[in-house]
1. Please give the calculated 222 nm ellipticity per residue for the chain, where each DSSP H segment of at least 4 residues contributes -39500 (n - 2.57) and the sum is spread over every residue; nearest 500 deg cm²/dmol?
2. Fewest Cβ neighbours within 10 Å first, please rank Val84, Val53, Val19 accordingly.
3. Can you report the principal axis dimensions of the chain using only the alpha carbons, biggest first, rounded to whole angstrom?
Amino acid sequence: METLTLTRNNGGSLPMPMVNKTLCIDIDSIVRIEASSNYSKIYCKGQALPIVVAKVLRWFEERLPQHSFARVHRTHLVNKKYMVGIRNDKVILETGTQIGISRRKRKTCLDKLS
């Protein structure tokens, strides 16, 4: 089995089992993770295209540090490090991406972000 690494520093990495290889992703480089049915798209800093994996968002939620990531919507897990602010019920990221905050998660999300 081959191991590919996308790590930049010693902030910790997330091993992603894939077919015939394990991809290690630096946790600090993850900007956000977007759910799409039984798949997830991992958006990393400095990469143009997301990494698509056959994992549900709950899998990431259980493995990533809760103090660094916030579930702002049923389809999005966001790294707090890359959040710039909140405007009109949307989280604004460093990349310029705006992600809607669900009504159910709004209060919890705002508490976590402050």
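1. Working: 2 runs with 15 residues, N = 114.
The per-residue figure over the chain is -3500 deg cm²/dmol.
2. Ascending number of Cβ neighbours within 10 Å: Val19, Val84, Val53.
3. 46, 29, 24
Where a number appears in this text, it was derived from the coordinates with a stated rule and is not lab data. The model shown is predicted, which means the values in this text are computed figures rather than measured ones. Every residue, glycine among them, receives a Cβ derived from its backbone with ideal geometry; neighbour counts consider all protein chains shown.
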